[in-house]
Amino acid sequence: MFLGQIILNSLVLGTQVLLLAVPLYLVYSVSKIYHLALGASGMAAAYGLYFGLSQGWPLSLAIFLAVLVALILGLVSYWLLEGAARKKQTMLGLLISLALGIVIESLLSIIFGTDSKSLISGVLPIISWGELYITIPGIITIVMGLVSAAIFALLIKKTPWGRNLIGIAENDHLAASLNINASRIRCGVFMAAGLLAGFIGIMTVMNTALAPQTGFPLIILAFIALLIGGITDIRGTIAATYLIALIPELIINLSSSKWSLSTNWKMVIVFILAALILIWRPQGLFISKSRID
């Protein structure tokens, strides 16, 4: 049962990471930029929901505020990063996105303080099977995460919209010759990415606690998953998110009492695992090098 609980907890964490890795993948697909501010954007949306609820607003109005915050930050991200995306300045875009994330976290700390807050008062609602248990927000996260990942994988691989995303990233001028408005599509992707980040931000803090820096570890894990999964293959990204969630948990929780490891080792294990996978499969989990004639 102990092993089963580890797997169940890792499934929730892996899905949280996946729901940030998917928008990270989408933004990279159209801009060649790693949008690391998505973690902070998700927390800002969660704080929007918290503010509405703390003021006694109806749930629908509080949710509207959270959605509005996510959309506004998506537009701000697009405005700040569009120039770097058009000029293919990947490193500049990464630095701007990282700076935006720091600014958002700092503003949240100034406005709401650095102490942890809770979106759900009292004990979290759970469902149990014998000795196994999972929270209701955890179940919602898993279901929505797997459904979203499946939908986006199909959209990217099987639809003209997905081919447009890839085409824009590879050649803006060719896309324009085919009457594809790259800027408009990028704007839509940034807004959709903000909404996804907001959703997973809310689901995450329902399982834990709300703090300005809560999103940073998740976006780093999503970034690592994107790298080791293959930045052009969403299948590898999906698989990588669960690998980097499950393997460290197994190592930490199943380590012997003599060589027991604390949770402080988690990111160390993740980075070692990422390094080993990148050495073994530098192109990604499911991508093989092709011979160029």
Can you pull the one-decimal nm distance between simple spin-label points at SER255 and VAL143, each 7 Å off the Cα toward Cβ? 3.6
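If you add up the charges near GLY284, with Lys and Arg at +1 and Asp and Glu at -1, over every other residue whose beta carbon is less than 10 angstrom from its beta carbon, what do you get?
Net of charged neighbours comes to +1.
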Starting from the Cα-Cα distance between LEU132 and ALA209, subtract it from 0.36 nm times their residue separation and give me the gain in nm to one decimal. 25.5 nm
Give the total of Lys-Lys pairs in the chain with Cα-Cα distances below 25 Å; include a pair only if its members are 8 or more places apart or on different chains. 11
Kirkwood hydrodynamic radius over Cα pairs of region 1-84, then Stokes diffusion coefficient at 25 °C and 0.890 mPa s, in µm²/s: 167
For LEU92 and ASN264, extending 7 Å from Cα along the Cα-Cβ vector and measuring point to point gives, in nm, a value of 4.1
Place +1 on the Cβ of every Lys and Arg and -1 on the Cβ of every Asp and Glu in region 2-214, take the dipole about the Cα centre, and give the residue among ILE72, SER31, SER10 whose Cα lies farthest towards its positive end. SER31
Quick P(r) readout (region 38-131; Cα-Cα; 10 Å bins; whole %) gives 14, 36, 27, 16, 6, 1
Result row for the chain, helices from DSSP H with C-alpha axial extent 18 Å or more and mean Kyte hydropathy at least 1.6, is 2-31, 59-86, 90-112, 136-158, 215-229, 266-280
Distance from region 198-268 to region 10-87 (C-alpha centre basis), Å: 18
In this structure, the FRET efficiency calculated for PHE112 and LEU75 from their beta-carbon separation, with R0 = 25 Å, to the nearest 0.05, is 0.65
Charge dipole magnitude, Cβ of K and R +1, D and E -1 - the chain, Cα centre, debye nearest 20: 680
Once a ≥ b ≥ c are taken as the square roots of the eigenvalues of the Cα gyration tensor of the chain, is the result rounded (a/c under 1.5), prolate (a/b larger than b/c) or oblate (a/b not larger than b/c)? oblate
First measure r as the distance between the Cβ atoms of TRP280 and ILE247, then evaluate 1/(1 + (r/R0)^6) with R0 = 22 Å and state the FRET efficiency to the nearest 0.05. 0.95
Prolate/oblate/rounded label for region 1-50 (Cα gyration tensor, a/c 1.5): oblate
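Every number here is computed from the coordinates shown, using simple stated rules; none is lab data. Being a predicted model, the structure only gives us computed values, none of them experimental. No Cβ is skipped: glycine too gets one built from the backbone with ideal geometry, and neighbour counts run over all protein chains shown.
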